[in-house]
Protein chains: 2
Amino acid sequence: MCPSSTSIAFIGTGVMGRSMAGHLLRAGHALHVYNRTKEKAADLLAAGAQWHDSAGRAAAAADVVITVVGYPADVEATYLSDHGVVAQARPGSVLIDMTTSSPSLARRIAAAASARGSAALDAPVSGGDIGAKEARLVIMVGGDEAAFARVQPLFALMGKNIIRHGAAGAGQHCKLANQVAIASGMMAWVEALTYARAAGLDPARVLESIGGGAASSWAMVNLGPRALRGDFAPGFYVKHFLKDMRLALESAAELKLDLPGLAAAKKLYDRVAAQGWEDLGTQALYRLYTES
Amino acid sequence: MCPSSTSIAFIGTGVMGRSMAGHLLRAGHALHVYNRTKEKAADLLAAGAQWHDSAGRAAAAADVVITVVGYPADVEATYLSDHGVVAQARPGSVLIDMTTSSPSLARRIAAAASARGSAALDAPVSGGDIGAKEARLVIMVGGDEAAFARVQPLFALMGKNIIRHGAAGAGQHCKLANQVAIASGMMAWVEALTYARAAGLDPARVLESIGGGAASSWAMVNLGPRALRGDFAPGFYVKHFLKDMRLALESAAELKLDLPGLAAAKKLYDRVAAQGWEDLGTQALYRLYTES
């Protein structure tokens with residue numbers, strides 16, 4: 001269907017979705033949008049996107065449906081409710097959920113879509129709001145190979161590193177693996193700087209010593225300095241990270257897998273949330289170690 | 001005393017020490033060496049270094065003493081025994097322990113040295129055998145500022161990133177902060193790849209998705225591929241990492257600090273050692289998760 005103009009329903013125009021949908025629109029695709037809060041779609045509507053009053057109606061108007069919503073419960077309602085995306089989608093369409101969600105839910109949606117003659121892909125992303133804005137997201141895909149090939153040109157408008165990891169659910173599994181690495185990785189630099197501070201060292205100078213070697217990580221180098229200057233503004237919300245860790249722990253339990261690092265990080269972030277810091281960035285873990 | 005030729009005692013000519021001492025010798029400094037196993041000093045002796053039968057005798061022949069030995073007990077014996085380095089060192093000399101060791105032992109050595117008219121620095125390194133060979137070690141220094149300034153030109157022959165972090169013990173504290181970050185950082189990528197594998201994904205492809213973003217770390221990128229191809233040869237020995245984690249946990253306990261990530265990692269590496277894998281590289285943690 002690509003590279004000619006494709007009719008795309010874009011459901012979920014929050015910080016991430018808005019940037020991603022913008023790239024599709026600017027590339028000349030016909031955009032049908034729905035969002036819980038209509039105001040958040042205003043820019044897209046002004047740029048020529050067409051508004052619909054429900055996810056199902058937007059889906060019915062398009063050949064490709066892309067969703068970026070909040071929690072797995074939102075994904076389930078959007079896709080599987082009576083007048084939802086799967087029920088309303090045109091036969092032969094491709095449905096792409098780019099929310100970070102449950103692998104088993106992704107498999108259920110793929111089965112339901114397949115039963116109605118469409119194909120569903122799970123394609124969560126990493127790279128955050130900046131990656132979305134600059135169209136260099138990492139896109140981790142699960143689902144039917146032919147459907148993936150069909151929509152690859154659309155993915156290429158939103159991301160740089162696009163890999164299909166297997167059947168339905170595999171994209172979600174890969175994203176959860178990413179979040180599992182982030183979980184212990186946050187403890188790593190937070191505990192190092194907490195220890196340095198308690199030992200009477202200047203943690204910023206310690207970062208200069210340890211930030212370039214075998215102990216270094218993206219999180220240490222990018223979030224460490226923010227935490228040290230008391231900047232806990234969200235790049236990635238504590239509440240969203242908690243959702244992802246919950247999903248990963250559930251999925252690990254299904255796989256009969258013991259992940260002690262993840263379990264320890266989850267407990268710590270529960271304490272971060274209990275401090276009322278759910279809407280801070282994930283670097284608020286440093287605040288938990290040093291203030292509580 | 002620098003940049004003119006300095007008389008240096010170098011004690012401990014293992015893999016790291018040998019490379020480091022070689023740089024000093026090639027820069028024109030007079031080198032006095034001692035090592036438990038004389039054969040390991042053969043290259044240095046052939047290149048003009050002078051052999052001594054004990055650490056104390058080597059120290060007595062030099063104005064700067066550098067030690068790179070194994071465990072804190074070795075450091076203590078080398079410095080504080082009756083005919084050890086502190087007792088034998090010339091007044092006014094600078095004693096530099098570059099072993100990863102205990103911060104409180106570093107303070108005791110500095111006090112003992114000071115009482116006899118010499119100055120002791122703790123200056124552990126990171127960067128491994130390759131960093132030592134290429135003279136681009138990270139050197140983390142604690143101790144007297146004037147002594148640090150005097151030997152800075154010698155450090156510059158062995159390392160690139162050289163920072164004094166405070167009084168005696170501060171270098172060791174910084175190095176332990178580095179090891180604290182490595183500890184949870186190992187769980188991070190190992191758990192991510194273990195999860196991916198259990199979920200039926202190809203962990204090498206997962207690394208392609210997650211190795212460049214917010215979940216990435218030096219360890220993930222450098223040790224992950226080795227672990228996946230079953231290469232557990234030591235870059236950094238499990239037994240040495242366990243020593244460092246023990247030191248960090250002891251030091252954290254003195255500081256009344258709870259570091260749950262470090263504690264979880266230490267428990268896992270105890271299990272790695274219990275498998276008989278003490279002489280494998282630290283990436284053997286992946287083997288523990290996937291084979292046991």
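The values are calculated or read from the model by the stated rules, or taken from the named source; none is laboratory data. Quick caveat, the model's predicted, so the values are computed rather than measured. Cβ placement follows ideal geometry from the backbone for every residue including glycine, while neighbour counts extend to all protein chains displayed. In case anyone asks, the SASA skips ligands and DNA or RNA and just uses the protein heavy atoms, side chains included. Shrake-Rupley method; radii C 1.70, N 1.55, O 1.52, S 1.80 Å.
Against the criterion of being at the interface with chain A (Cβ under 7 Å from one of its Cβ atoms), over 30 Å from A:SER104 (Cα atoms) and open to solvent by 20 Å² or more (accessible area, probe 1.4 Å), B:ILE163 does not qualify. The single condition among (1) among the aromatic types (Phe, Trp, Tyr); (2) more than 8 Å from chain A (Cβ to nearest Cβ); (3) over 22 Å from A:SER209 (Cα atoms) that B:TYR195 does not satisfy is (2). Scanning the range A:258-279 for residues that are outside any helix (DSSP H, G or I) and open to solvent by less than 40 Å² (accessible area, probe 1.4 Å) gives A:LEU259, A:TRP277.
Considered as a group, the residues in the range B:99-125 that are within 14 Å of chain A (Cβ to nearest Cβ) and of a type outside the set (Val, Ile, Thr) include one that is surrounded by the most Cβ atoms within 10 Å (Cβ to Cβ), and that residue is B:ASP122. If the condition is being under 18 Å from A:ASN35 (Cβ atoms), surrounded by 17 or more Cβ atoms within 10 Å (Cβ to Cβ) and aliphatic (A, V, I, L, M), then the range A:74-88 contributes A:VAL75, A:VAL85. Considering only residues that are in contact with a helix residue (DSSP H, G or I) (Cβ under 9 Å, 6 or more places away or on another chain) and part of a helix (DSSP H, G or I), look in the range A:133-158 and name the one that is surrounded by the most Cβ atoms within 10 Å (Cβ to Cβ). This residue is A:MET158.
Identify, please: which residue in the range A:238-280 is among the charged types (D, E, K, R) and at the interface with another protein chain (Cβ under 10 Å from one of its Cβ atoms) and is, among those, nearest to A:LYS175 (Cα to Cα)? That would be A:GLU254.
As a summary of the residue check, A:ARG246 satisfies the conditions (1) surrounded by fewer than 21 Cβ atoms within 10 Å (Cβ to Cβ); (2) in contact with a Leu (Cβ under 8 Å, 6 or more places away or on another chain) except for the one numbered (2).
In the set B:SER118, B:SER114, only one residue is within 17 Å of B:ARG57 (Cα to Cα) and in contact with a strand residue (DSSP E or B) (Cβ under 9 Å, 6 or more places away or on another chain); that residue is B:SER118. Comparison of A:LEU255, A:LEU193, A:LEU247, A:LEU262 shows that the only residue that is touching a residue at least 12 places away in the same chain (Cβ under 8 Å) and touching a Phe, Trp or Tyr at 6+ places or on another chain (Cβ under 8 Å) is A:LEU193. B:ALA215 fulfils the conditions (1) free of Cβ contacts under 8 Å to residues at least 24 places away in the same chain; (2) open to solvent by less than 50 Å² (accessible area, probe 1.4 Å); (3) part of a loop (DSSP other than H, G, I, E, B); (4) of a type outside the set (Phe, Trp, Tyr) except for a single criterion, (1).
Residue by residue, here is whether (1) in contact with a helix residue (DSSP H, G or I) (Cβ under 8 Å, 6 or more places away or on another chain); (2) polar (S, T, N, Q) holds:
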residue: B:THR13; (1), (2): yes, yes
residue: B:SER19; (1), (2): yes, yes
residue: B:THR37; (1), (2): no, yes
residue: B:LEU45; (1), (2): no, no
residue: B:GLN50; (1), (2): no, yes
residue: B:ALA59; (1), (2): yes, no
residue: B:LEU80; (1), (2): yes, no
residue: B:GLY92; (1), (2): no, no
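Of the residues making up the range B:198-212, those that are within 9 Å of chain A (Cβ to nearest Cβ) and in a helix (DSSP H, G or I) are B:ALA198, B:PRO203, B:ARG205, B:VAL206, B:GLU208, B:SER209, B:ILE210.
Residues that are in contact with a helix residue (DSSP H, G or I) (Cβ under 7 Å, 6 or more places away or on another chain) and open to solvent by 20 Å² or more (accessible area, probe 1.4 Å) within the range A:183-198 comprise just one, A:ARG197.
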